[in-house]
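Chemist: Okay, handing you the structure first.
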Amino acid sequence: MEPLHSSDPARIAGYRVLGRLGAGGMGVVLLGRSRGGALVAIKLIRAEYAGDAAFRARFRREVSIARQVRNRWAVPVVDADTEAPAPWLATEFVPGPALSDAVGTGSPLPERSVRALGGMLAEALEAVHGAGMVHRDVKPGNVLLGLDGPRLIDFGIARALDDTVLTATDAVIGSPGFLSPEQAQGRRIGPPSDIFSLGCVLAYAATGRRPFGSGPVEAMLFRTVYDPPDLDGVPAALLPLVQACLSKDTESRPTAAQIRTRWAQDTAGQSWLPAPVTHLIASRSTQMLRLPDIESTQFVAPRSEAGADTRPAAPETPAPGRRRFLTYTAAGGAVLAAGGATTAWLTGGKGDGGTGSRGDSGRTKTRPVLGIGLQADLSGALSTQGRAQSRGARLAVDAHNAREDAPFTLKLTTVDDRGDEARALAAARRFTDDASVVAVLGATSTAAAGAVLTAYDEAALSVVSVTDGDTRHINRVFLCARPNNAMQMVPVSSYLGIHGLDDIALIDNETEYSRQVTRFLSEGLRTGGNLNVLAETLPSGSEDYVAYARQLVAKRPGAVVHGGGWQDVAPFARALAQTGYRGPKIATQAAHDPRFLREAGEASNGWLIVSTAVDPSSARSAGAFAQAFRDRFKAAAPPFAAEAYDAVRLIAACVEGLDRESVSRQDLVPVLRTTTYEGVSKPYAFDKENGWYTGDRGVFFYRAKDGRFRFLDTDPAEV
């Protein structure tokens, strides 16, 4: 990192600028830190591009699309302001070196590392192409190396620059020596162009040389178009696929999915990089510890009405153990809030109280109507959770509308998206087009939530999620009303430490959810607790669970933690039971599903389940709610019903705290993030910067026993 220049800003939006990471033709890359302490790389666009209206339109579009790229090996765009005088975007900061730094010293990577690199970068490109994008600048400088894998950066920007830059004489998008023949000739390009560039990167990683040589740009471009690549030194086992990537014929190149499949490699339990590179990564990470201290965050309390539970949130002071966990999870890649333009929408005026709305009593005819949307999976794979949210939300609406002193009537509109991305987007459009809706509860599934955030952001419509904690799902309108996927593992770390357990078998089933929970727990145990982690990979849908379980038990783990969903934990639990293993067995919220109990049978007994959903029938704080739910629906309140009840009441409390006859969507966005609320399931508070849940008692333990999940509350010492 270089010192700041006199022309560099000291602050960009909510980020304190710490130094320069680099500079290029389109602008400068700065290292920034949020008020919450997370590091980001901020790309500040040069003035000549900022003044081009066409570029701004493309930049706005590409940033929006780039936010939808969700893959563990692609560094996400987490914040941006496309309308600023100098537009900028921020991505997750990776402290590791670029591939060009690691190999540029004359140290090519060994065959195993190149194979792993190719498989993981292909997976990243598969996600980029799946989002309808072409990277256009895959090169060693855009590949950052981490201990767990590479990170592809700068997707979503090259296409925004394309039309602008190509109007200049002799200008070429991409980096000579790593671009495709079609790029060199200025022809239309697609995903195969990125595959050609990937082939160049892999050849460079294996040999330390560019496959089309160096020298004048014109000479490199000529060789790229007409000459065969120099692949001398590429290991024989890798040569066929690298050659296929570098075919001049676009139709002959493999797809990203094909490369990922052919070069998939299990890197669990060992470093995928040679020792000199891991030492370089460690050195870069150590430098980050010497950065300036975090500045304190000021929380502003919204104006509240007597009786409304809208106490201001105060900066949290974690216990030492949790502070350590927060430190290393941030270093591992926590993401930040996204920005953008806002649009004001008003609630409906004086009306009929919402007659005909489901959950609306219709008893008051003079109060204004406040619309709340509920987007949920009511008939798909997660319908149990979706229906629980729907019923909890309806109870909250009825309770509010029954109040004599309520200043407005709540109107709940529910849409079933079935957990499908296309239907989710249609549901979002319905709510964004309805001017009476000022906030939305949903969506149930991670895929549906990711599909709609851009639409809600464009409409400045707040989204409160009680089920989705994906660390990639974040922007200025999103509130995660539960600890995110990484932070739900904090009590697991405490549990393992309190009980003196070591040699922790940590199983990743190669899904994005599993990656998030296992990655952060692994880093925490190794860094904060100095524990030995037996990193294991058991792909989802594997066939021979028994053989895998026996191999695992032979390593004598002190505890087993599985990061997958119930579909994978259930057969693994049956296989583990056959081995006679008696140590602690822990699963995450993805296994907190009755289907785990049914499929695992007696093998589920003894499993400890971590969940962000309270059991209303067992938690004292939710007793009244549990009884009201049973009276209304003739059944026990399921997980996430109480959380949905709280979310609706939180939204209503925030509106009441504004004390206005009409409330805009824009008014509500900042208020939700600076309000604390004592719910029946747990206390609610949010990080002002990124909308993540920061309240206490947000994670709960359950013990599987006799076909039931038995609620154990939150204290690891008592589990």
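The values are calculated or read from the model by the stated rules, or taken from the named source; none is laboratory data. Computed from a prediction, not measured in an experiment: that's the story for all the values here. In this analysis, Cβ positions are derived from the backbone assuming ideal geometry, glycine residues included, and neighbour counts consider all displayed protein chains.
Chemist: Quick check on region 442-466: of everything there that is modelled with pLDDT of 90 or more and part of a loop (DSSP other than H, G, I, E, B), which residue is farthest from A426 (Cα to Cα)?
Modeler: Looking at the filtered set, the residue picked out is V466.
Chemist: Quick test for you: out of A399, A406, A376, pick the one residue that is of a type in the set (A, V, I, L, M) and buried (at least 24 other Cβ atoms within 10 Å of the Cβ).
Modeler: A376
Chemist: Which residues, taken from region 122-162, are at pLDDT below 80 and more than 25 Å from Q516 (Cα to Cα)?
Modeler: I157, A158, R159, A160, L161, D162
Chemist: For region 522-567, name all the residues that are out of contact with any strand residue (DSSP E or B) (no Cβ under 7 Å at 6 or more places or on another chain) and among the charged types (D, E, K, R).
Modeler: Those that are out of contact with any strand residue (DSSP E or B) (no Cβ under 7 Å at 6 or more places or on another chain) and among the charged types (D, E, K, R): E523, E543, D544, R550, R556.
Chemist: Ok, one more. If you go through region 432-441 one residue at a time, do you hit one that is under 29 Å from the mean Cα position of the chain (by Cα), among the small types (G, A, S) and assigned to a helix (DSSP H, G or I)?
Modeler: no
Chemist: Whether any residue in region 93-113 is touching a helix residue (DSSP H, G or I) at 6+ places or on another chain (Cβ under 6 Å) and closer than 17 Å to N475 by Cα is what I want to check.
Modeler: No, there is no match, as no residue in region 93-113 is touching a helix residue (DSSP H, G or I) at 6+ places or on another chain (Cβ under 6 Å) and closer than 17 Å to N475 by Cα.
Chemist: Residues in region 670-715 that are surrounded by fewer than 20 Cβ atoms within 10 Å (Cβ to Cβ) and in a helix (DSSP H, G or I): how many?
Modeler: Residues meeting the conditions: 1.
Chemist: Let me ask you something else. When region 496-507 is examined, which residues are found to be crowded, with 23+ Cβ neighbours inside 10 Å and either at pLDDT below 90 or farther than 12 Å from A535 by Cα (or both)?
Modeler: L496
Chemist: If you don't mind, another one. Considering only residues that are within 12 Å of G564 (Cβ to Cβ) and surrounded by 20 or more Cβ atoms within 10 Å (Cβ to Cβ), look in region 517-545 and name the one that is nearest to the chain's Cα centre (by Cα). Reasoning before the result, please.
Modeler: So in region 517-545, the residues within 12 Å of G564 (Cβ to Cβ) come out as 517-518, 536-542, 545.
Narrowing the set further to residues that are surrounded by 20 or more Cβ atoms within 10 Å (Cβ to Cβ) leaves 517-518, 536, 538.
On the way: V517: 11, T518: 14, E536: 22, L538: 22 Å.
This residue is V517.
Chemist: Taking G695 as meeting all but one of (1) outside the structural domain of L395 (by TED's automatic domain parsing); (2) over 27 Å from the mean Cα position of the chain (by Cα), write down the number of the exception.
Modeler: With respect to (1) outside the structural domain of L395 (by TED's automatic domain parsing); (2) over 27 Å from the mean Cα position of the chain (by Cα), G695 is out only on (2).
Chemist: Inside region 221-236, can you point out the residues that are of a type in the set (S, T, Y) and surrounded by 15 or more Cβ atoms within 10 Å (Cβ to Cβ)?
Modeler: So in region 221-236, the residues of a type in the set (S, T, Y) come out as 224, 226.
Scanning region 221-236 gives a single hit, T224.
Chemist: What are the residues in region 113-147 that are hydrophobic (A, V, I, L, M, F, W, C), over 16 Å from R72 (Cβ atoms) and in a loop (DSSP other than H, G, I, E, B), if any?
Modeler: M133, V134, V138
Chemist: Look through region 227-268, keep the residues that are among the aliphatic types (A, V, I, L, M) and part of a loop (DSSP other than H, G, I, E, B), and return whichever of them is nearest to L179 (Cα to Cα).
Modeler: Taking the candidates together, the pick is L246.
Chemist: Restricting to region 36-81, and then to whatever is within 18 Å of V477 (Cβ to Cβ) and at pLDDT 85 or above, can you tell me which residue is farthest from the chain's Cα centre (by Cα)?
Modeler: Looking at residues that are within 18 Å of V477 (Cβ to Cβ) and at pLDDT 85 or above, I get D81.
Chemist: Limited to region 600-652, what total is found for residues that are of a type outside the set (G, A, S), assigned to a loop (DSSP other than H, G, I, E, B) and crowded, with 20+ Cβ neighbours inside 10 Å?
Modeler: 8
Chemist: Follow-up question, since we're still on this one. Residues P254, P274, P235, P228: which one is outside the structural domain of E510 (by TED's automatic domain parsing), in contact with an Asp or Glu (Cβ under 6 Å, 6 or more places away or on another chain) and modelled with pLDDT of 75 or more?
Modeler: P235
Chemist: OK, next. Here are the criteria: (1) at pLDDT below 95; (2) surrounded by 13 or more Cβ atoms within 10 Å (Cβ to Cβ). Tell me which single one E218 does not satisfy.
Modeler: Of everything listed in (1) at pLDDT below 95; (2) surrounded by 13 or more Cβ atoms within 10 Å (Cβ to Cβ), E218 misses just condition (2).
Chemist: If E661 satisfies all but one of (1) assigned to a loop (DSSP other than H, G, I, E, B); (2) under 24 Å from the mean Cα position of the chain (by Cα), what's the number of the condition it fails?
Modeler: Of the numbered conditions (1) assigned to a loop (DSSP other than H, G, I, E, B); (2) under 24 Å from the mean Cα position of the chain (by Cα), the odd one out for E661 is (2).
Chemist: Related question: Identify all residues within region 103-112 that are touching a residue at least 24 places away in the same chain (Cβ under 8 Å) and farther than 21 Å from R72 by Cα; write none if there are none.
Modeler: First, the residues of region 103-112 that are touching a residue at least 24 places away in the same chain (Cβ under 8 Å): 103-104, 106-112.
Hits for region 103-112 are V103, G104, G106, S107, P108, L109, P110, E111.
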